[in-house]
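No lab work stands behind these numbers, since they all come straight from the coordinates. Because the structure is a prediction, the values reported are computed rather than measured. Cβ atoms come from the backbone with ideal geometry, glycine included; neighbour counts cover every protein chain shown.
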Amino acid sequence: MGRSVYESAILINATLDDQQIESIITKVKDLIINNDGQIRELENWGRKRLAYPVKKNKIGYYAIFRFDAPGDIVAKLERAYSLDEQILRFITLKLSKNALEQIEKNKVLSTTLKEESVSESLVDKTELAETDIDLDTEDNDK
């Protein structure tokens, strides 16, 4: 069976401790690896307020896995998700080549934006330091 790239997003009960959430994420990673999968990327979005209550929860912890795996892993993953009471919602998608390209473009764009914002903040701090120096020299002239 051929390997494909998948994205699996899970919503975990946010009332759990950080250690419990990490143990759930570790279980999912182990399940992927033990079923001949290879994790490409893991995004922990953290705790977020939900637009509407999900199983009486207003806050959830989001984790997104991107991985290469054979096609039979999806059924195993979703079975494990549905058996775990702390996983409130889940979705697993097969990513197309276009989706993978768009994800890479978004990563490059976000990295570029972060670098620009860091350099702008450094310029702002430099300008602020220069104005402080100018003020100090004016005080000495008096």
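If you keep only loop residues by DSSP, which trypsin sites (Lys or Arg not before Pro) in the range 1-68 have at most 15 other Cβ atoms within 10 Å of their Cβ? Working shown, then result.
Working: sites: Arg3, Lys27, Lys29, Arg40, Arg47, Lys48, Arg49, Lys55, Lys56, Lys58, Arg66; in loops: Lys55, Lys56.
For trypsin sites (Lys or Arg not before Pro) across the range 1-68 that sit outside H, G, I, E and B with at most 15 neighbouring Cβ atoms in 10 Å, the list reads Lys55, Lys56.
Using a Förster distance of 25 Å, how high is the FRET efficiency between Asp17 and Gln38, based on the Cβ-Cβ distance and rounded to 0.05?
Working: r = 29 Å, r/R0 = 1.16.
That pair, Asp17 with Gln38, gives E of 0.30.
Specify whether the C-alpha gyration tensor of the range 3-95 places it in the rounded, prolate or oblate class, a ≥ b ≥ c being the square roots of the eigenvalues: rounded for a/c under 1.5, otherwise prolate if a/b is larger than b/c and oblate if not.
Values: a/c = 1.90, a/b = 1.79, b/c = 1.06.
Here the range 3-95 falls in the prolate category.
As an exercise, use a Förster radius of 25 Å and the Cβ-Cβ distance of Leu83 and Ser117 to find the FRET efficiency, rounded to the nearest 0.05. Don't skip to the end; give the middle numbers.
Values: r = 43 Å, r/R0 = 1.71.
My answer for the efficiency is 0.05.
Greater than 27 Å separation of Cα atoms is the criterion. Which listed pairs, Lys55/Lys105; Lys58/Lys97; Lys48/Lys97; Lys27/Lys55; Lys48/Lys94; Lys48/Lys107, meet it? Could you put the intermediate results ahead of the total?
Working: Lys55/Lys105 35 Å; Lys58/Lys97 35 Å; Lys48/Lys97 29 Å; Lys27/Lys55 22 Å; Lys48/Lys94 25 Å; Lys48/Lys107 21 Å.
Among Lys55/Lys105; Lys58/Lys97; Lys48/Lys97; Lys27/Lys55; Lys48/Lys94; Lys48/Lys107, the Cα-Cα distance tops 27 Å for Lys55/Lys105; Lys58/Lys97; Lys48/Lys97.
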